[in-house]
Structures are given as C-alpha cells and as structure tokens.
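The values are calculated or read from the model by the stated rules, or taken from the named source; none is laboratory data. Model, not experiment: these values are computed from the prediction. Please note: Cβ atoms are built from the backbone with ideal geometry, for glycine as well, and neighbour counts cover all protein chains shown.
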Amino acid sequence: MIEITGLTKRFGKLMALDSLSLSIGPGEIFGFIGPNGAGKSTTMKILACLLKQDSGEAIVCGKNVRTDADAIRRVVGYMPDFLGVYDDLTVDEYLQFFAAAFEVPRARRRAVIDQVLELTDLTEKKHAMVDSLSRGMQQRLGVARVLIHEPQVLLLDEPASGLDPRARIEMRSLLIELRKMGKSLMVSSHILSELAEMCTSIGIIERGKLLYAGSIEDAYAKVRSAALDAQPGEGTSVGERIEVVLQADSAEATRLADKLGGDPRIAGVKAGPSRLTVDLRADAGADGHHFLIEAILHNGGRIHSFAPVEVKLEDAFLKLTTGALQ
Ligand SMILES: Nc1ncnc2c1ncn2[C@@H]1O[C@H](COP(=O)(O)OP(=O)(O)O)[C@@H](O)[C@H]1O
Ligand SMILES: [Mg+2]
C-alpha cells in the first residue's frame, strides 16, 4: 500500500527526513512513532502529496507521489495534526463542505455523510456547531471528514493526541473498525502506548531516520535482549525475564542458579538474596513458565512468588529512540 525508499527532505540546513525507507502492507494499522520533530508529519504530508521530497521515492497504492498526485489524492484520506478553525459551521455543514470539495456527486452526499456520521458516532451531533464539540468528538469529526471520498488508505497524523482516556479508547475502536472495513492505516503518535494495542506493526523514527520497523512483540524482544541491563542473559536473544522469589537463603539461590544455568531454554540466570532472575530464551516456547517452575521444584527450590518482569512500553520506546539498538 505504501512503499517509501530513501526519502529525504531538508528545510534549509535541517535534515527533516534522512533517507527514510519503509513499507506498509494492505490491511495494516501501522503505528508511526517518534518524538516531536522526528519527521512524522513531514513523511505523511509527502505521502498525501502536500509536500515535495528532495530525493527518494514514495509510492502509494502503486502510484508515485511525484507524478500521480491527483490519483493519490483520490485514494488517500489525510488527516492533519491540526484541524483548523471552522467558526459558524455545524457538523453537517462541515462535512457537506468537504463532500463538495472532494467532488462527491451531489446525489450521493447525503447518504455518504450519514454513513460517516454513524461510523464515527457523531449522528447525534449532526446539528451541533463544530466549535462546541469536545476534543474527542472533533478528532472523530476529523476522521469522518477524511472518509467522505471513501479512500483506501488513511494517513492520520496524531489522531489520539490530547484525548482523555475514554476518548482515546473510542478513537482506537474507530480505527480498528476502519481496518475491518478493509482500509490500510498509517497512524502517527509521539506516545507509543497510545497506539501499541491496536497496531499490526510499528515504525520508530527519530531525527528523520527509521530506527525500527516490525511488530510490537519483536520490538519488546529486542529491547529485552539488547537494552535491558545486560546481565544475566547477556548477548543472547531473551524472550522473557522472570523474577522468582524463593523461600531460601542466598547460598541456596546460588545452588539453584547453577543447576538451572545449563538448560538450553534458559538464556541466563542470576542469583540474589533469596531470589533468582531468570531470562528465558525467546524460543523457550509457550510452556516456558511451566518448565521453569518444574525445574526449580525438581531441584528442591521452594517458590514464594513467580513473576514475569514487565518491560514498560515507554521505557522500551526510550531505549529504542536513544539509538540503543543501533
Ligand atoms: N515547513 C517547515 N519549515 C521548516 N522546518 C520544518 C517545517 N516543517 C517541519 N520542519 C522541521 O522538520 C522537523 C520534522 O518535523 P515534523 O515532520 O513536523 O516532525 P513530527 O511530526 O515528527 O513532530 C522538525 O525539526 C521541524 O521543526
Ligand atoms: Mg507532527
């Protein structure tokens, strides 16, 4: 759906995009994540044919932004990070305006608008003034507006920014609904956790460069193995870290650690006072917990508590964006 290769854009001396390459398949929700100023909006504006790159290529639905801007505008819905001000317009008038701008045939407009109002849960607000809507509703109206010409690809720039938790959940379910309708979505955010749950893949961008592209799960695995404090499973691919508290003294913990350390499913193990920190290998499989508990019991250990260590989303994000994985 979207294929970007070596995309570069300068603003004067500033390198906003530095040979960016990424690929988004059909039916994906691609989370485009990076701190403010990373180059997210610039990328999306180029894809929406609102800004020209200096070099590199961007292909949307098989069409090149350099040569097929008109065709791309018909298949892409772009929602900017600021909606702009529309005083004295009702929700319905606002959508009528965009339906006309996108040359939706007059006879179809009513039906299309009612449909997008329903989808974005704004039917009841049809006659409300745009200015009077909550931030969450305004953002949903922004999505409604880009759906008017029935695009296949949606480029949504920070749709969840500034929303309270409830409005954020509503926005997420709307985006998931759009995916179910067969649309491909590229959604930006400077906050990873805003998007994590609903994305099929993510790309992390910083200073115009792509630091990571792939699944969220792989991003976590990468952070765990490469960026979490290196020991005990240093250098190996760590699937999960488990903190085991034992009913034992540290000599007993050390004895257990030695026993467990040789197992191929364990990437590393460290003993502390009445505790073990165990890194299971990424390929330890779904019954890794079961295996570990059994191994501890089998070696005479008494488990007080057993808990996977959570890798916090924002920590992972920070590790990734400081180039720790480069
Ligand atoms: N029209 C512009 N003129 C000059 N600099 C710009 C312009 N647009 C963006 N920039 C700069 O390019 C960089 C990337 O901006 P942007 O793509 O908006 O980042 P993001 O959306 O990730 O916050 C920033 O340093 C920003 O200040
Ligand atoms: Mg931006």
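Some values worked out for this structure:
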item	result
Given (1) surrounded by fewer than 20 Cβ atoms within 10 Å (Cβ to Cβ); (2) under 18 Å from Ile46 (Cα atoms), number of the condition Ile176 does not satisfy	(2)
Residue that is at pLDDT below 90 and under 30 Å from Ile216 (Cβ atoms), where the choices are Ala248, Ala284, Ala295	Ala284
Test: residue in the stretch 91-98 that is under 24 Å from Glu194 (Cα atoms), buried (at least 23 other Cβ atoms within 10 Å of the Cβ) and in contact with a Lys or Arg (Cβ under 7 Å, 6 or more places away or on another chain)	no
Hey, Gly62 within 20 Å of Thr5 (Cα to Cα) and within 16 Å of ligand 1 (Cβ to nearest atom) or not	no
Residue count for the stretch 2-22, restricted to those that are of a type outside the set (Val, Ile, Thr) and in contact with a Phe, Trp or Tyr (Cβ under 9 Å, 6 or more places away or on another chain)	1
Whichever residue in the stretch 33-44 is at pLDDT 95 or above and either in a loop (DSSP other than H, G, I, E, B) or more than 9 Å from ligand 2 (Cβ to nearest atom) (or both) and, among such residues, is nearest to Arg66 (Cα to Cα)	Thr43
Members of the stretch 15-31 that are touching a Cys at 6+ places or on another chain (Cβ under 6 Å) and away from ligand 2 (no atom under 16 Å from the Cβ)	Ile29
Subset tally (residues that are in a helix (DSSP H, G or I) and surrounded by 12 or more Cβ atoms within 10 Å (Cβ to Cβ)) for the stretch 110-130	11
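Quick grid of which residues meet (1) in a loop (DSSP other than H, G, I, E, B); (2) at pLDDT 90 or above; (3) more than 28 Å from Ile191 (Cβ to Cβ); (4) touching a Gly at 6+ places or on another chain (Cβ under 8 Å):
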{"position": "Thr254", "(1), (2), (3), (4)": "no, yes, yes, no"}
{"position": "Leu260", "(1), (2), (3), (4)": "no, yes, yes, no"}
{"position": "Gly268", "(1), (2), (3), (4)": "no, no, yes, yes"}
{"position": "Phe306", "(1), (2), (3), (4)": "no, yes, yes, no"}
{"position": "Val311", "(1), (2), (3), (4)": "yes, no, no, no"}
{"position": "Asp315", "(1), (2), (3), (4)": "no, no, no, no"}
{"position": "Leu320", "(1), (2), (3), (4)": "no, no, no, no"}
